[in-house]
Amino acid sequence: MTVAVYPGSFDPVHNGHLDIVTRAARVFDAVVVAIADNSEKEGLFSVSERLEMLRAATSHLRNVQVDAFTGLTVTFAQTKGAGVLVKGLRAVVDFEYELKQASMNQRLAPSLDTVFFMAARSHYFLSSTLIREVARLGGSVAGLVPQAVEERLRVKFRMR
Ligand code: ADP
């Protein structure tokens with residue numbers, strides 16, 4: 001049984017992430033979507049809000065679970081018994097960063113492999129940063145994030 005861990009910030013989850021989770025869930029026996037709780041970087045949404053949104057958005061995928069972790073991704077993956085880290089690769093900008101991460105992770109945990117899924121063309125430009133920025137400025141992110149996330153973004157920016 002191959003368990004894959006798909007780590008990221010997911011602040012908030014968007015359709016590019018969901019495309020990768022869905023495809024990874026077809027390839028691996030189990031996928032753990034793992035929210036990196038990086039206290040140095042304060043997010044727009046709290047980790048528990050991100051967990052809720054991700055859980056709701058993936059509840060139809062029976063072999064997917066969502067969790068959060070602090071510390072090294074490889075350590076978390078090992079505690080989950082994972083053999084694979086899943087990453088999404090957008091256009092060229094992601095490549096250098098992901099290559100660095102993958103080679104460091106391989107050094108830290110040689111038996112853990114990183115597997116890349118190419119972003120769908122329609123999601124090439126999508127990032128949580130861009131979603132937050134557009135929503136903050138009052139633009140529509142409909143069709144780019146699940147509807148529940150769209151609503152949460154609206155509430156979040158109305159509250160500020
Ligand atoms: P971002 O804030 O840039 O959306 P995350 O840290 O939440 O990034 O991303 C988690 C993982 O999902 C990373 O492996 C990232 O490369 C991947 N990812 C992010 N956006 C997309 C997208 N639009 N299509 C495919 N993969 C993506």
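What follows is calculated from the coordinates using simple rules that are stated; it is not laboratory data. Note that the structure is a prediction, hence the values are computed from the model and not measured. A quick note on method: Cβ atoms are made from the backbone with ideal geometry, for glycine too, and the neighbour counts reach across all protein chains shown.
Note: the chain, Cα convex hull, 111 Å³ per residue.
Packing, taken as the mean count of other beta carbons within 10 Å per residue, orders the peptides 106-118, 83-95 from highest to lowest as 83-95, 106-118.
Beta bridges assigned by DSSP with both partners in the chain are antiparallel in approximately 0 percent of cases. Ellipticity at 222 nm from helices only: DSSP H runs of n ≥ 4 in the chain, each -39500 (n - 2.57), divided by the residue count, give -13500 deg cm²/dmol. With the charge dipole of the chain set up from +1 on Lys and Arg Cβ and -1 on Asp and Glu Cβ about the Cα centre, the Cα lying farthest toward the positive end among the listed residues Y6, T129, G83 is that of T129. Taking the Cα centre of the range 28-83 as origin and assigning +1 to Lys and Arg Cβ atoms and -1 to Asp and Glu Cβ atoms, the resulting dipole is close to 180 debye. For the chain, the dipole from Cβ point charges (+1 on Lys and Arg, -1 on Asp and Glu) about the Cα centre works out to 280 debye, to the nearest 20. Couplings for the range 34-40, taken from phi via the Karplus curve 6.51 cos²θ - 1.76 cosθ + 1.60 with θ = phi - 60°, read 10, 7, 6, 8, 9, 5, 5 Hz in order; Gly and Pro are left as x. Over the Cα atoms of the range 95-160, the radius of gyration divided by the Kirkwood radius equals 1.16; this is the Rg/Rh ratio. Counting only residues at least eight positions apart within a chain, or on another chain, the aspartates and glutamates with an alpha carbon under 14 Å from that of K100 are D113. Taking a straight line from the alpha carbon of K156, these lysines sit under 22 Å away, with near neighbours fewer than eight places off in the same chain left out: K41.
3J(HN,Hα) along the range 15-24: 5, x, 4, 5, 4, 5, 4, 4, 5, 5 Hz, from the Karplus curve 6.51 cos²θ - 1.76 cosθ + 1.60 with θ = phi - 60°, whole Hz, x for Gly and Pro.
Mean separation of Cα pairs under 8 Å and 6 or more residues apart, divided by the residue count, gives the chain a relative contact order of 29 percent.
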